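Sending over a structure as structure tokens; questions will come in a sec.
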Amino acid sequence: MTFLNVPYAEKDEARALGARWNPGRKRWYVPDGVALERFQKWLKEGSSGGRVNSAAAKPVVGANYVELPHACNPFEPCAECAQALAGTPWQQARAALAATVAALGKR
């Protein structure tokens, strides 16, 4: 599936073209096997992904957000996502959090 950046005001248009809503990720997507040509205006190349503030049409993500290729839990080991997260600010923030939790546990 290919995720789209569809503002709320354009959701009906995206649906009419064949886009579907993913309630888990709260994003519109194009199902596998459907041509992407009709969805070009919502396929922002180089976009960081994530949720979109429909009113402002701006991505709403944390500072350490990393778009993962599939819907796994980034807090549990995943061989497929390990390479995508390696060296990212997200991984550094997670390591810092783990260190803080370990230090608090020693008290």
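The values are calculated or read from the model by the stated rules, or taken from the named source; none is laboratory data. Remember, predicted model here, so these are calculated numbers, not experimental data. Here the Cβ is made from the backbone with ideal geometry for all residues, glycine too, and neighbour counts use every protein chain on show. Side chains included, ligands, DNA and RNA excluded: accessible areas come from the protein's heavy atoms. Shrake-Rupley method; radii C 1.70, N 1.55, O 1.52, S 1.80 Å.
Cβ-Cβ under 6 Å, sequence separation 6+ or interchain: first residue in segment 86-107 and within 18 Å of residue 65 (Cβ to Cβ), partner part of a helix (DSSP H, G or I) and among the hydrophobic types (A, V, I, L, M, F, W, C). Which pairs?
Between residues of segment 86-107 that are within 18 Å of residue 65 (Cβ to Cβ) and residues that are part of a helix (DSSP H, G or I) and among the hydrophobic types (A, V, I, L, M, F, W, C), the close pairs are 91/85.
Also, I was wondering about something else. Inspect all residues belonging to segment 25-41 and state whether any of them is at pLDDT below 80, assigned to a strand (DSSP E or B) and of a type outside the set (A, V, I, L, M).
The answer is no; no qualifying residue exists.
Where residues in segment 6-41 are closer than 19 Å to residue 67 by Cα and touching a Gly at 6+ places or on another chain (Cβ under 8 Å), which of them is surrounded by the most Cβ atoms within 10 Å (Cβ to Cβ)?
Out of the qualifying residues, it is 30.
From the set of residues in segment 42-56 that are modelled with pLDDT under 90 and outside any loop (DSSP other than H, G, I, E, B), which is nearest to the chain's Cα centre (by Cα)?
51
Looking at segment 64-85 only, could you name the residues that are small (Gly, Ala, Ser) and open to solvent by 60 Å² or more (accessible area, probe 1.4 Å)? Give the derivation first.
First, pick out the residues of segment 64-85 that are small (Gly, Ala, Ser): 71, 79, 82, 84.
The answer is 71, 79.
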